[in-house]
Amino acid sequence: MSTSTTPDTLSRRVLRYAHAQGTGRSQFPTPAQVAEASGPLPDGAAGAAGTALPYGTTELLERAAFPAGRVAGADRLPERALLAAFGLQRAELTNPYFEHRALPSVRSLFPVHAFLTGDGPARVLDVHRHALTELPGAAGDTARRILLAGRYTRLPAFYGPLRGTLTELELGISLRALAVGLELFGVEGRLTLPTSGEALTELGLSDGEWSWPLTVDLADAGHRPAHPGAERLRGAAAATDASLAEILAVNRTQAALPRQDPAPLTPAIPREAPARALSWAEALWERGSGRMPRGLTGMAGRLRRVPEGSLAGAAAWAAVPPPGELLRRVAEHVTVTVAVQATDGFEDGVHRLTGGRLLPHRPGPGALADLERDYGYHLAPGNGCDVRHASAVWFCSVRQHALVAELGPGAWTLAQYVAGWITQGLCLNAAAHGLYARPARAFDGLAVQRPLGLAPDETVLLSVISGTPRFNGLPLDLRL
């Protein structure tokens, strides 16, 4: 980034970028076009040497009640926390995107990767090999950390600038998943937000297709000097298309963020969430985005009355603040709104999360049926759409002009992390209550402003559709 670029210029660039992604100006790829994406692992990692991950993590999680239970007496704690956060859960053989983990990902492409450094070469989590695989060309003896980085080119070029937003939303989702995993196994982690590409250098990743990583120092981190070979970026080629160049430029506006001291990553699990008669292993297993039969896409649900705890629990998860002063300042700009129906203890209509509680905002029936008309993937012979039968549809939104004016252009990227953080909490709560939770960037942002009571200059960052699934496929257990 040029040092001559003024903050005002950066802010205008970020705001143009945000506007260009507004729903109604987006396009949605077909499954065939997803084949254009990069591979599932960083270049050079497939087939590289690796270290097997421990077995039996699921059995340990079966002994911990959801949500208050914690795991005791385990070995290799960071690795087990990674498996709890990102490990394979099940395959749904009738789902075209059949591989499921404890966190959602657009079309199961999982553009965000977890890396572990320290005690030798940097390694990437390879859930399919159940291993930590070495990264050729990465730095050696560095501090013991977990880093999360998103590969924008894992999503096909057809997504355009949405590759940036979707990947950074998934970075926020992954951050919450990791925080939960570390908390379950009693591992202390401290988050550092990126203000430079130094961590990419450490990992030896291309500067032309990866986000700047989020860094979590582990409690036993020994701050050893970086390997001399970490001076250059492997494959640091320039972006090959205009939208990717814009994505990278906006991500790099984080360079203008004020440096913050590392912030405790936990607690990420709400203490006041209602107890459930299931274990953490069961809750992670049940996490899903909705099902359709016979390989069809989308989701189908059935409207049923759900208990008050399902929505009160979701509010508790959504209210847990993200780590660190800066992310919490960004979170103050993120509004959480939910349209509700057929839920005990709550009036049908639109509610707003305020002070950790859901308060009526626009009461009245029919809100979810109205929202279905504004959803980008309509009901069709090959696609299910059942927003009208959901129990709740959540929205994270922000007034981006006010956000950028107060906290600078890098705050737009941080807002994606915050929305992802909230979303993963909603997904875990839904799973514990037998509900699916489907994150979506497919609502028409302008059309939903009026029924939700959003401001005219307010942008929807992400939504989560949650309800009772209509179909149950035959799952194949992939846990180890």
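The values are calculated or read from the model by the stated rules, or taken from the named source; none is laboratory data. Nothing here was measured: the structure is a model prediction, and the numbers come from that model. Don't worry about glycine lacking a Cβ; one is built from the backbone with ideal geometry, like all the others, and counts go over all protein chains shown. Side chains are part of the model used for accessible areas, which takes the heavy atoms of the whole protein and leaves out ligands, DNA and RNA. Shrake-Rupley method; radii C 1.70, N 1.55, O 1.52, S 1.80 Å.
In the complete set of protein chains, residue-level accessible area for E188 is approximately 100 Å², probe 1.4 angstrom.
Label-to-label distance for A455 and L303 is 3.3 nm, based on points extended 7 Å past Cα in the beta-carbon direction.
Prolate is the label for segment 345-440, because a/c, from the alpha-carbon gyration tensor with a ≥ b ≥ c as root eigenvalues, is 1.5 or above and a/b exceeds b/c. Across the alpha-carbon set of the chain, the Rg to Rh ratio works out to 0.94, Rh being the Kirkwood radius.
If you sort the three axes of the alpha carbon gyration tensor as a ≥ b ≥ c, you get a/c of 1.5 or more for segment 59-136 and a/b no higher than b/c, which makes it oblate. Counting only DSSP beta bridges whose two residues both lie in the chain, roughly 95 percent are antiparallel. In the chain, taking the dipole from charged Cβ atoms about the Cα centre, the farthest positive-side position among T195, P451, V398 is held by P451. For the pair R328 and D75, label points projected 7 Å from Cα toward Cβ lie 3.9 nm apart.
In segment 82-175 the Cα-Cα distances spread across 5 Å bins starting at 0 as 3, 13, 21, 21, 20, 14, 6, 2, 0 percent of all pairs.
Within the shell of other residues whose beta carbon sits under 13 angstrom from the beta carbon of E406, the net charge comes to +1, with Lys and Arg scored +1 and Asp and Glu -1. Can you tell me the mean projection area, over all orientations, of the convex hull of segment 303-347's alpha carbons? Units nm², please. Reported value for the Cα convex hull: 3.6 nm².
With all protein chains in place and ligands, DNA and RNA left out, the 1.4 Å accessible area ranks M299, M292 as M292, M299, largest first. One Cα centroid belongs to segment 89-137, the other to segment 140-193; the line between them spans 11 Å. Using the average count of surrounding beta-carbon atoms within 10 Å as a protection proxy, the listed peptides 405-411, 108-114 rank, highest first, as 108-114, 405-411. Local charge for D348 was computed over the other residues whose Cβ lies under 13 Å away, with Lys and Arg +1 and Asp and Glu -1, and equals 0. Charged side chains reduced to their Cβ positions (Lys and Arg at +1, Asp and Glu at -1) give the chain a dipole of some 700 debye around its Cα centre. Calculation over all alpha carbon pairs of segment 87-129 in 5 angstrom steps from 0 returns a P(r) of 6, 18, 27, 21, 12, 9, 6, 2, 0 percent.
Residue ranges 154-162, 50-58 sort as 154-162, 50-58 when ordered by packing (mean number of other C-beta atoms within 10 Å per residue, highest first). Mind running the shape call on segment 122-193? Use the C-alpha gyration tensor, a ≥ b ≥ c as the square roots of the eigenvalues: rounded below 1.5 for a/c, prolate if a/b tops b/c, oblate otherwise. Cα axes put segment 122-193 in the oblate bin.
As a calculated quantity, the FRET efficiency between A242 and D370 at R0 = 35 Å, using C-beta atoms, amounts to about 0.45. Counting only protein chain heavy atoms and rolling a 1.4 Å probe, the accessible areas of D370, D43 rank, largest first, as D43, D370.
Neighbours of L169, meaning other residues whose beta-carbon lies under 13 angstrom from its beta-carbon, give a summed charge of +1 when Lys and Arg score +1 and Asp and Glu score -1. Once all protein chains are placed together, D119 keeps about 110 Å² accessible to a 1.4 angstrom probe.
When the solvent-accessible area of the chain is split by element, carbon and sulfur atoms take up 53 percent of it, the probe being 1.4 Å.
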